[in-house]
Amino acid sequence: MFATYLNSLHESMSRRVALVLFGVAILIAITFNAVVHVRTLPDGATMILVGAQPPAPPAIAVPSMLESILRATGSLWVLLAIFAAAPLLTATLEKGWLELTFSKGTSRWKIFLGRFLAGLTLYSLMFVIATLPVALRLWWKTGIGTWQMGIALLIQTFGFAALLAVAALVTLPQKGVALPVIAAAAIWLLTPSLAIRQETFYRIFSSHVMRGIIDWTYRILPKCSELEDMCVSFIQGRTITSWWPVWSTGVFTLLVLGTTLWLLGRKSF
Amino acid sequence: MTRSVIEVLDVEKNYRTFRGKTVSALQGVSLHVERGTIFGLIGQNGAGKTTLIKILLGLATPTAGAARVWGRPPKDPSARRRFGYLPEQMRLPDYFRAENFLRYMGRLNSVDRTLMKRRIPMLLERVGLTDFRKPVKAYSKGMQQRLGLAQALVNDPEVLFLDEPTDGLDPLGRKDVRDLLVQLRAEGKTIFLNSHLLSEVELVCDRIVILNNGTVACAATPQEFTRGTGEYLIRVAAVDDAVRAATARVVAEDAAEWEQTTLRFTPRDRSHLNALLDRLRGAPVEIESVEPVKLSLEEFFLQVVSGREP
C-alpha cells in the first residue's frame with residue numbers, strides 16, 4: 001500500500017491540475033502575508049492591520065484572521081482538490097494499467113486505498129501551503145498560538161475524505177473522471193442547504209414524507225459545512241457542543257469506502 | 001509434488017450485456033500446464049483467450065468451474081507473487097522512467113529493494129532495452145514491449161503469462177523474445193503464451209491448445225498438430241511417357257497427380273511407396289526428392305476454426 005501511496009503522489013505531481021493548484025496555494029499564501037501587517041505602537045502594544053480595516057489587538061485579530069483564511073481556503077480547496085484527487089482513483093482502473101497492477105501480489109484494496117490516501121495527502125498539502133506561512137507568521141509576531149489550524153486541517157481533511165469516498169464509489173461502474181467529480185461536488189454543494197433545511201428545503205416541500213426524506217438525506221450524507229463551522233468555532237476558542245457532524249461523517253466515509261473496496265475486490269475485469 | 005502448475009477445470013465465464021443478454025465467453029474449458037514447459041494458447045479474436053488469462057491471473061472470476069495455479073486460487077495475492085504477466089494492451093503512465101516503473105512493479109510483488117537494485121539493470125539488459133533513461137512516453141512500441149517483458153520478470157516469477165509478447169517488435173526483436181522464452185524454460189519457468197503468430201507458437205511451444213468459441217477445440221503438441229497427411233511429393237528430373245507409364249503401373253490414376261515434374265501421391269503403405277520409387281528408377285528417371293506432406297499449424301488451425309476435420 002505504501003508503494004502505491006508514494007507512486008500516486010509521484011503521479012499527482014506530474015499532472016498539470018495538481019501543479020496549478022499548488023501554484024494557486026502559494027499565491028494565496030503570498031496574498032495573505034501581503035495583506036496582514038503587524039505593528040508595534042509607541043506604548044509597546046502590538047496591533048494587527050488587515051488591509052484597510054482598522055487596527056485590532058492580536059487577541060481579536062489573530063482568530064479572526066485564521067477564520068478568514070479557513071473560510072477562504074477550506075471551501076475552495078475542497079472543490080479544487082477533488083479535481084486533482086479524483087483522477088488518481090479513475091487512473092487505477094484504466095485499461096492496460098489495471099491488468100498490470102491488479103495481477104501483482106498486492107490486494108486490489110491496498111492499491112486503491114493507497115491512491116485514496118494520496119488524494120487526501122494532496123488536499124492536506126495544498127491546505128498547509130496556503131495557510132501555514134501566515135499562521136506561523138502571526139504566531140511568531142504576536143505570540144498567540146495558531147496550533148488550532150492544525151486541528152482545523154485534520155477536521156477539514158476528514159470532510160474531504162467523505163467526498164473522495166463518494167468519488168471512489170462512482171469510479172467503479174464507469175470510466176472517466178467527470179462523474180466522480182460531479183458526484184462529490186454535488187454532495188459538497190448540497191450539504192450547507194441540508195444543514196439549514198428548515199430555511200431551505202422545508203420552504204419548498206410541505207409534505208411530511210418529503211421532509212422525512214430530506215431529514216434522512218441530511219443524516220446520511222457527510223456534514224461538510226458543519227465540519228467547517230466546527231473548525232471556525234475551535235479557532236475562535238468556542239466550545240464544541242456537538243460531535244454529531246464528526247461521527248456521522250466518519251460512519252458515512254467508512255461505509256462508502258468499505259463498500260467501494262469490497263465491490264472492487266469482487267469485480268471482474 | 002504435482003507437475004501441473006496451472007489447472008483449469010470446467011471453467012465457464014458468462015457476461016451480461018446492458019440489455020440483460022448473457023454472453024458466454026468460455027464454456028467448460030479444462031486444461032493443465034506442466035512445470036518447465038511453454039504452453040501456447042491460440043484462437044480467433046473473441047475465442048476467449050484473454051478471458052481465460054484474466055481468470056488465471058485473478059482479474060476475472062469464473063461463473064463456474066475452478067482455476068488453480070500451484071494449487072492455489074489466483075485471487076490469492078501471495079499466489080500472484082509467483083506470477084509474471086505481460087498484458088496485450090499495456091498502458092504505461094507518462095511520468096515513469098524505466099527504472100522507477102520496474103521498481104514500482106517490483107514493490108507490488110513485495111520484491112526486496114536491495115535485490116531490485118541489482119536486478120533491474122540485469123533485466124533491462126536481458127530484454128535488450130539499452131536506451132532506457134528517457135521517459136517512457138518517448139518509447140517506441142517495441143521499447144514499451146521490451147519494458148513490459150522486463151516488468152513481467154521483475155519478481156523472478158515461476159509462471160509467466162505472456163499475451164502477444166512479440167506485438168510491435170521487428171523480426172530481430174521477435175527472435176530475441178523467442179530466444180528469451182527458450183532460456184526461461186531452460187531455467188525451469190513455466191510459460192503460458194497467447195499469440196496470434198502461429199509460426200512462433202509452433203517454434204517454441206511444447207503444447208498447444210486451440211480455443212474456438214469459448215471451448216477447447218484441440219490440444220496437442222506441435223508435432224501432433226503438424227503430423228503428416230499421408231501424402232508424398234516426389235520430384236523427378238524430367239517427365240516423359242515412360243515415366244507416366246511406370247507410375248500408372250503402380251498407382252491408380254485417382255491416387256496420383258502430376259504437377260510439372262512433381263508427383264503428389266498417397267500410398268497405401270510404405271511398401272507401396274517403395275514400389276513406385278523402384279518403378280520410377282527403372283523408367284529410368286532421376287529422383288530428386290521424396291517429401292512427406294505435412295500440415296502447418298496455420299493450416300491445421302484454419303481447418304479447426306472453420307469447422308472442418310483436420
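The values are calculated or read from the model by the stated rules, or taken from the named source; none is laboratory data. Quick caveat, the model's predicted, so the values are computed rather than measured. Neighbour counts are summed over all protein chains in view; Cβ atoms, including those assigned to glycine, are modelled from backbone coordinates with ideal geometry.
Across the range A:86-126, what is the number of residues that are of a type in the set (Lys, Arg) and touching an Asp or Glu at 6+ places or on another chain (Cβ under 9 Å)?
Within the range A:86-126, residues that are of a type in the set (Lys, Arg) and touching an Asp or Glu at 6+ places or on another chain (Cβ under 9 Å) number 1.
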Exercise. If you take the residues in the range A:41-64 that are in contact with a Pro (Cβ under 9 Å, 6 or more places away or on another chain) and β-branched (Val, Ile, Thr), which one is modelled with the lowest pLDDT?
Worked result: A:46
Exercise. Somewhere in the range B:49-58, is a residue outside any helix (DSSP H, G or I) and either out of contact with any His (no Cβ under 8 Å at 6 or more places or on another chain) or under 25 Å from residue B:188 (Cβ atoms) (or both)?
Worked result: yes
Seminar exercise, completed: Scanning the range B:59-78 for residues that are more than 24 Å from the chain's Cα centre (by Cα) and closer than 29 Å to residue B:146 by Cβ, the one surrounded by the fewest Cβ atoms within 10 Å (Cβ to Cβ) turns out to be B:78
Problem set entry | Residue, nearest to residue B:183 (Cα to Cα), within the range B:117-157, restricted to residues that are within 12 Å of chain A (Cβ to nearest Cβ) and surrounded by fewer than 20 Cβ atoms within 10 Å (Cβ to Cβ) | B:144
For this session: Find all pairs meeting these conditions: Cβ atoms under 9 angstrom apart; at least six residues apart or on different chains; first residue within the range A:91-111 and at positive phi and at the interface with chain B (Cβ under 7 Å from one of its Cβ atoms); second residue in a loop (DSSP other than H, G, I, E, B) and not β-branched (Val, Ile, Thr).
Result: A:96/B:87; A:96/B:88; A:96/B:89; A:96/B:90; A:96/B:91; A:96/B:92
Problem set entry | For residue A:144: the one exception among (1) farther than 22 Å from residue A:17 by Cβ; (2) more than 14 Å from chain B (Cβ to nearest Cβ); (3) not in a loop (DSSP other than H, G, I, E, B) | (3)
Exercise. Is there any pair with a first residue in the range B:149-167 that is assigned to a loop (DSSP other than H, G, I, E, B) and a second that is among the aromatic types (Phe, Trp, Tyr) whose Cβ atoms are under 6 Å apart and which are 6 or more apart or on different chains, and what are they?
Worked result: B:157/B:83
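Pick from B:88, B:34: which is more than 13 Å from every other protein chain (Cβ to nearest Cβ), surrounded by fewer than 22 Cβ atoms within 10 Å (Cβ to Cβ) and under 16 Å from residue B:160 (Cα atoms)?
Exactly one residue qualifies, and that residue is B:34.
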For this session: Identify, from the list A:52, A:45, A:18, A:56, the residue that is farther than 17 Å from residue A:132 by Cβ and within 14 Å of chain B (Cβ to nearest Cβ).
Result: A:18
Problem set entry | helices (runs of 4 or more DSSP H) contained in the range B:204-310 and holding at least 1 residues without any contact (Cβ under 8 Å) to a residue 60 or more places away in the chain and within 30 Å of residue B:178 (Cα to Cα) | B:222-225, B:297-305
Problem set entry | Residues of the range A:129-177 satisfying the condition of being in contact (Cβ under 8 Å) with a residue 40 or more places away in the chain, more than 16 Å from residue A:229 (Cβ to Cβ) and touching a Pro at 6+ places or on another chain (Cβ under 6 Å) | A:142, A:144, A:167, A:171, A:177
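Checking the condition more than 13 Å from every other protein chain (Cβ to nearest Cβ) and under 25 Å from residue B:297 (Cβ atoms), which residue from B:20, B:71, B:40, B:65 passes?
Only one candidate passes the filter, namely B:40.
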Exercise. Quick check, is residue A:181 β-branched (Val, Ile, Thr), free of Cβ contacts under 8 Å to residues at least 60 places away in the same chain and farther than 20 Å from residue A:236 by Cβ?
Worked result: no
